[in-house]
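See structure below.
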Amino acid sequence: MCDNRLNNEDEARQFAHAMLSIGAVTLSPNAPYTWSSGLRSPIYCDQRLTLSHPLVRSRIADAFAMRLSVRYPDVELIAGTATGGIGHAAILSDRVSQPMVYVRSSAKGHGKQNLIEGRLLQGTHVAVVEDTVSTGGSVLHAVEAIREAGGHVSVVFTIFSYGFHVSQEAFERLGIKLEVLTDFSHVIEAAQESRVIQEQDVELLVRFQENPNAYSEAFR
Ligand SMILES: O=P(O)(O)OC[C@H]1O[C@H](OP(=O)(O)OP(=O)(O)O)[C@H](O)[C@@H]1O
Ligand SMILES: O=C(O)c1cc(=O)[nH]c(=O)[nH]1
């Protein structure tokens, strides 16, 4: 679908530069980060920082809201993933005057033992909001929880995605459209333009993105 209000290429560049300007992108090639999936990575993109920047978080909500209204008019409920997606889901649901729930990474061990917090009615059309997609495991776990509870999910919104083959295949398999504001390649381009990374870092990062498992295994 082509819509003039959705110039995703410019938007992707702008969000990549915004991520760099707030210090959300950090590199540590010699002492890799361990991700939630267990993968070891030379890069970490911390979207939690966007919540500390009102202008950036507001632009994120604007971009999500525009895509939601143009492409997914049937959505009736916004679901955030714990913890990174909750803040952005709250801002978006307020923007579009829709109700919100959030999905825990695992069911609570006390109280009502809920996995999903808030009111989710059977048959509701839900958009899921995540902050970062790496393998996609976390957000797809949330999608499955919502589907099991009787909700319909066909779209996930994320601020950032690494664009790994494994995640793309998983989204396709589950029939989920992934709406991404910016991604790995735009962040790398922005970092080169701003001269915050060296050529040797770029080569390493591209090798990592092409085969994250092989890179990760080398550090075990
Ligand atoms: O696509 P995946 O491989 O699942 O990785 C991405 C997930 O990892 C991060 O969350 P984390 O588990 O660090 O928890 P947090 O949101 O509570 O900080 C991030 O916020 C995503 O939810
Ligand atoms: O996969 C992850 O855990 C992860 C990667 C990343 O770059 N940023 C983040 O918040 N989580």
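The values are calculated or read from the model by the stated rules, or taken from the named source; none is laboratory data. None of these values were measured; they are calculated from a predicted model. Glycine gets a Cβ as well: all are built from the backbone with ideal geometry, and neighbour counts include every protein chain shown.
Values computed for the structure shown
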quantity	calculated
Those strands (runs of 3 or more DSSP E) lying entirely in the range 52-157 with at least 2 residues among the polar types (S, T, N, Q), surrounded by fewer than 17 Cβ atoms within 10 Å (Cβ to Cβ) and at pLDDT 95 or above	none
Odd one out for residue 178, checked against (1) touching a residue at least 60 places away in the same chain (Cβ under 8 Å); (2) in contact with a Phe, Trp or Tyr (Cβ under 6 Å, 6 or more places away or on another chain); (3) under 21 Å from residue 36 (Cβ atoms)	(1)
Helices (runs of 4 or more DSSP H) lying entirely in the range 181-220 (those with 1 or more residues that are of a type in the set (Val, Ile, Thr), in contact (Cβ under 8 Å) with a residue 60 or more places away in the chain and surrounded by 15 or more Cβ atoms within 10 Å (Cβ to Cβ))	184-193
Residue that is nearest to residue 45 (Cα to Cα), among those in the range 81-98 that are near ligand 1 (Cβ under 8 Å from one of its atoms) and not hydroxyl-bearing (Ser, Thr, Tyr)	84
Some residue of the range 116-130 being under 21 Å from residue 64 (Cβ atoms) and within 16 Å of ligand 2 (Cβ to nearest atom)	yes
All positions within the range 158-167 that are assigned to a helix (DSSP H, G or I), touching a residue at least 24 places away in the same chain (Cβ under 8 Å) and surrounded by fewer than 19 Cβ atoms within 10 Å (Cβ to Cβ)	166
Hits in the range 15-31 (condition: in contact with a helix residue (DSSP H, G or I) (Cβ under 8 Å, 6 or more places away or on another chain), modelled with pLDDT of 95 or more and more than 10 Å from ligand 2 (Cβ to nearest atom))	15, 16, 17, 18, 19, 20, 22, 23
Tally of residues being in contact with a Leu (Cβ under 9 Å, 6 or more places away or on another chain) and either in a strand (DSSP E or B) or within 13 Å of ligand 1 (Cβ to nearest atom) (or both) across the range 34-50	2
Checklist (1) within 13 Å of ligand 2 (Cβ to nearest atom); (2) in contact with a Phe, Trp or Tyr (Cβ under 7 Å, 6 or more places away or on another chain) applied to residue 137, failing item	(2)
